[in-house]
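Here is the structure we will look at.
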Amino acid sequence: GHDVVAVQIAGLLARRIVCDVRPGDKIAIGDTYGLVRYGSRLDTYLPAGSEILVETGQRALAGETVLARLP
């Protein structure tokens, strides 16, 4: 498997993040691990050589939008 890092960042106003896992927990493709809403964001760090399949600013839907193909 490949390491993919997801960092949930709370928005300045609402600060609404739900995180159901802890650092180091293993999750699989398609697993739900949290929720960001009301202006919060998710930064996703992929391995070098990944093929990015979304555009900057594109809305992504959980469990539907494929973000990248891993090397």
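The values are calculated or read from the model by the stated rules, or taken from the named source; none is laboratory data. Just so it is clear, the structure is predicted and the values come from calculations on it, not from any experiment. Virtual Cβ from ideal backbone geometry, glycine too; neighbours counted across all protein chains shown.
Brief remarks on what is shown
- In the range 3-14, the residues that are surrounded by 11 or more Cβ atoms within 10 Å (Cβ to Cβ) and either at pLDDT below 80 or among the basic types (Lys, Arg) (or both): 10, 11, 14
- Residues (surrounded by 10 or more Cβ atoms within 10 Å (Cβ to Cβ) and either under 21 Å from residue 10 (Cβ atoms) or among the basic types (Lys, Arg) (or both)) located in the range 47-66: 60, 62
- Every residue from the range 32-47 that is modelled with pLDDT under 85 and assigned to a loop (DSSP other than H, G, I, E, B): 32, 33, 38, 39, 40
- Of the residues making up the range 48-57, those that are part of a loop (DSSP other than H, G, I, E, B) and at pLDDT 90 or above are 48, 49, 50, 53, 54, 55.
- For the range 1-16, residues that are in contact with a strand residue (DSSP E or B) (Cβ under 7 Å, 6 or more places away or on another chain) and farther than 20 Å from residue 64 by Cα total 3.
- Selection over the range 23-48 of residues that are under 27 Å from residue 71 (Cβ atoms) and without any contact (Cβ under 8 Å) to a residue 24 or more places away in the chain gives a count of 9.
- The number of residues in the range 20-46 being loosely packed, with under 13 Cβ neighbours inside 10 Å and over 17 Å from residue 60 (Cβ atoms) comes to 7.
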